[in-house]
Amino acid sequence: MIKLYTDAATRGNPGPSAAGILIVTPERQYQLQAPLPEQSNHDAEFAAVILGLEQLANRGLTTKILQINVDSKLVFQSLEKRYAKHYQAAVDRILALEAPYSMVIHQWIPERQNQGAHHLAQQGLPHLTDC
């Protein structure tokens, strides 16, 4: 089983954002951070999942069972329902990226269990200086 942990950090709402992605396979771990466009915290959470799934595809990790772990209840509930009133384009993109897997498990986890992805997202935020 492949485990994907994602989180987003946003400074302001909307504001500069970043994604933190932790991929755990039986063979190894991948830690990634990436700046995201200025956006709302909810948009950033969905973007982090999309980016994580794209990273899995880029590494050829798409034929196994996948567990997606998020600490955003909105993202978790939207993926479980396959619907989000204001974020349907993101949900549809995620569902399309999930298609190659034999099984996908969506898992909500408390923030304290998502510290790896959280710290990566925080590190990815641009450093802003006070004027």
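The values are calculated or read from the model by the stated rules, or taken from the named source; none is laboratory data. Being a predicted model, the structure only gives us computed values, none of them experimental. Every residue, glycine as well, gets a Cβ built from its backbone with ideal geometry; the counts of neighbours run over all protein chains shown.
Of the conditions (1) closer than 15 Å to Gln107 by Cα; (2) surrounded by 20 or more Cβ atoms within 10 Å (Cβ to Cβ), Ala18 satisfies every one except a single condition; which number is it? Of the numbered conditions (1) closer than 15 Å to Gln107 by Cα; (2) surrounded by 20 or more Cβ atoms within 10 Å (Cβ to Cβ), the odd one out for Ala18 is (1). Scanning the stretch 21-47 for residues being within 21 Å of His106 (Cβ to Cβ), without any contact (Cβ under 8 Å) to a residue 40 or more places away in the chain and out of contact with any Ser or Thr (no Cβ under 9 Å at 6 or more places or on another chain) gives a total of 6. Within the stretch 40-67, if we keep just the residues that are within 24 Å of Pro16 (Cα to Cα) and among the β-branched types (Val, Ile, Thr), the residue that is surrounded by the fewest Cβ atoms within 10 Å (Cβ to Cβ) turns out to be Ile50.
Taken over the stretch 14-45, the criterion of being farther than 20 Å from Pro126 by Cβ and of a type outside the set (A, V, I, L, M) is satisfied by Thr25, Pro26, Glu27, Arg28, Gln29, Tyr30. Test Tyr87 against the stated conditions and say whether it is in contact with a Ser or Thr (Cβ under 8 Å, 6 or more places away or on another chain), within 21 Å of Lys64 (Cβ to Cβ) and among the aromatic types (Phe, Trp, Tyr). No; evaluated as a whole, the condition is false for this residue. Filtered by the rule that a residue be farther than 16 Å from Glu45 by Cβ and in contact (Cβ under 8 Å) with a residue 24 or more places away in the chain, the stretch 82-103 gives Glu98, Pro100, Tyr101, Ser102, Met103. Can you confirm whether the stretch 49-62 contains a residue that is at pLDDT below 95, over 20 Å from Pro126 (Cα atoms) and either in contact with a helix residue (DSSP H, G or I) (Cβ under 8 Å, 6 or more places away or on another chain) or β-branched (Val, Ile, Thr) (or both)? Checked the stretch 49-62: at least one residue is at pLDDT below 95, over 20 Å from Pro126 (Cα atoms) and either in contact with a helix residue (DSSP H, G or I) (Cβ under 8 Å, 6 or more places away or on another chain) or β-branched (Val, Ile, Thr) (or both). A search for C-beta distances below 8 Å between a residue of the stretch 69-81 that is touching a residue at least 60 places away in the same chain (Cβ under 8 Å) and any residue that is assigned to a loop (DSSP other than H, G, I, E, B), counting only pairs 6+ apart in sequence or on different chains, returns Asn69/Ile109; Asn69/Asn114; Val70/Ile109; Val70/Asn114; Asp71/Ile109; Asp71/Pro110; Asp71/Asn114. The residue that is nearest to Ala89 (Cα to Cα), counting only those in the stretch 1-45 that are among the polar types (S, T, N, Q) and in a strand (DSSP E or B), is Gln39.
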